[in-house]
Amino acid sequence: MSVFLLKRILTLIATLAATSAVVFMVLDVLPGNAAQVLMGPDAAPEAVQALAEQLGLDQPAWQRYVQWVQGLLVLDLGNSYAYGSPVLDLVLERLALTVPLAVLAMLITTLLALLAGVYAASRHGRWGDMGVMGLAQLGIAIPNFWFAILLILLFSVKLQWFSAGGFPGWTEEAGGGFWPGLKALLLPAISLAVVQAAILARITRSAVLDVMREDFVRTARAKGLSTRAVLWGHVLRNAMVPVVTVMGLQFANLLAGTIVVENVFYLPGLGRLIFQSIANRDLIVVRNCVMLLAAMVVLVNFIVDLLYAAIDPRLKASDL
């Protein structure tokens with residue numbers, strides 16, 4: 001187990017290092033001048049140059065990259081060009097919304113997908129199976145931002161059950177609270193979850209059908225176990241390896257999808273911060289936010305690798 005874990009940790013570190021280099025290079029070659037944007041189009045060239053020197057934009061790219069990585073290691077992300085405040089404070093403030101939103105969407109995705117996938121597999125070739133797969137195909141075809149607008153029109157404009165946008169905060173001092181905050185995230189989470197649940201339901205159905213053809217399933221049925229006990233107690237566990245793989249990828253998609261959905265619902269999350277920072281050419285915020293999202297994706301994949309070993313010990317043994 002120690003060798004297995006060591007290999008995964010070394011892979012995690014190497015991936016993060018390569019990701020940081022790619023993120024920096026891609027953003028560093030973008031056209032435009034952050035100092036020019038901050039000063040305005042009519043600013044004097046001398047003033048723009050002075051601000052660029054103050055922000056460190058006149059230094060060589062490799063030097064700025066080394067300084068950035070050193071700052072990442074000690075959580076010193078620098079100050080925002082546009083906001084004038086530490087980037088770490090901005091990111092932590094926005095993560096308090098984005099992470100709960102992604103987790104809630106992932107919970108809804110998992111619940112809907114497992115129920116629908118197992119039900120479709122248990123009704124293979126019948127109307128229930130065809131109905132679930134038809135709905136899944138429809139869910140895959142719907143863009144999440146368009147579905148978000150439909151949810152707003154139905155539940156906010158017509159029924160007036162939910163707010164059309166905004167976030168009250170997690171504390172009563174900020175005018176919100178836990179339940180008001182959770183209610184504000186419900187529609188955005190559903191709009192994010194529908195497409196991912198449709199994809200995961202199809203994967204779950206296929207994986208469950210493959211396992212149902214194994215000999216141990218016939219043995220379990222011969223012992224008199226009910227169909228429900230066989231499906232949920234024996235089949236689903238052995239079908240979880242491909243399902244967990246897709247779930248790890250989907251969590252990454254949910255994090256990326258928040259950029260669009262947060263703007264539709266006017267939520268002050270990380271996605272909206274990235275959108276505003278791109279408009280302001282606040283590259284230091286964009287760079288750190290993109291790196292954070294990439295690191296979260298890599299970390300999720302690392303956790304998925306560990307879950308593989310817990311679900312199927314044969315994978316761990318083959319890696320050793």
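The values are calculated or read from the model by the stated rules, or taken from the named source; none is laboratory data. The shown structure was predicted, so the numbers you read here are calculated from the model rather than taken from an experiment. With ideal geometry, Cβ positions are generated from the backbone for all residues, glycine too; neighbour counts draw on all protein chains shown. Keep in mind that these areas ignore ligands, DNA and RNA; they rest on the heavy atoms of the full protein, side chains included. Shrake-Rupley method; radii C 1.70, N 1.55, O 1.52, S 1.80 Å.
Could you tell me whether any residue of segment 87-99 is at pLDDT 75 or above and more than 17 Å from Leu292 (Cα to Cα)? Spell out the reasoning first.
Of the residues in segment 87-99, the ones at pLDDT 75 or above are 87-99.
Filter once more, keeping what is more than 17 Å from Leu292 (Cα to Cα): none.
No, segment 87-99 contains no residue that is at pLDDT 75 or above and more than 17 Å from Leu292 (Cα to Cα).
Contact list please: Cβ distance under 7 Å, first residue in segment 4-19 and touching a residue at least 12 places away in the same chain (Cβ under 8 Å), second residue open to solvent by 60 Å² or more (accessible area, probe 1.4 Å), pairs at least six apart or on different chains.
Taking only residues 6 or more apart or on different chains, the pairs are Phe4/Leu320.
Which residues, taken from segment 213-248, are within 21 Å of Leu112 (Cα to Cα), free of Cβ contacts under 8 Å to residues at least 24 places away in the same chain and open to solvent by 80 Å² or more (accessible area, probe 1.4 Å)?
Of the residues in segment 213-248, the ones within 21 Å of Leu112 (Cα to Cα) are 227-248.
Of the ones still in play, those that are also free of Cβ contacts under 8 Å to residues at least 24 places away in the same chain are 228-230, 233-234.
Across segment 213-248, the qualifying residue is only Arg228.
Just to verify a result, which residue in segment 170-202, among those that are surrounded by fewer than 17 Cβ atoms within 10 Å (Cβ to Cβ) and among the small types (Gly, Ala, Ser), is modelled with the highest pLDDT?
Selected residue: Gly177.
How many of the residues in segment 203-212 are polar (S, T, N, Q) and open to solvent by less than 10 Å² (accessible area, probe 1.4 Å)?
From segment 203-212, those polar (S, T, N, Q) are 204, 206; that's our starting set.
So of that shortlist, the ones also open to solvent by less than 10 Å² (accessible area, probe 1.4 Å) come out as 204.
Counting residues in segment 203-212 that are polar (S, T, N, Q) and open to solvent by less than 10 Å² (accessible area, probe 1.4 Å) gives 1.
Take Glu53 and tell me if it is at pLDDT 75 or above and among the acidic types (Asp, Glu). Don't jump to the end; show me each part of the working.
On the way: at pLDDT 75 or above: no; among the acidic types (Asp, Glu): yes.
Answer is no for this residue.
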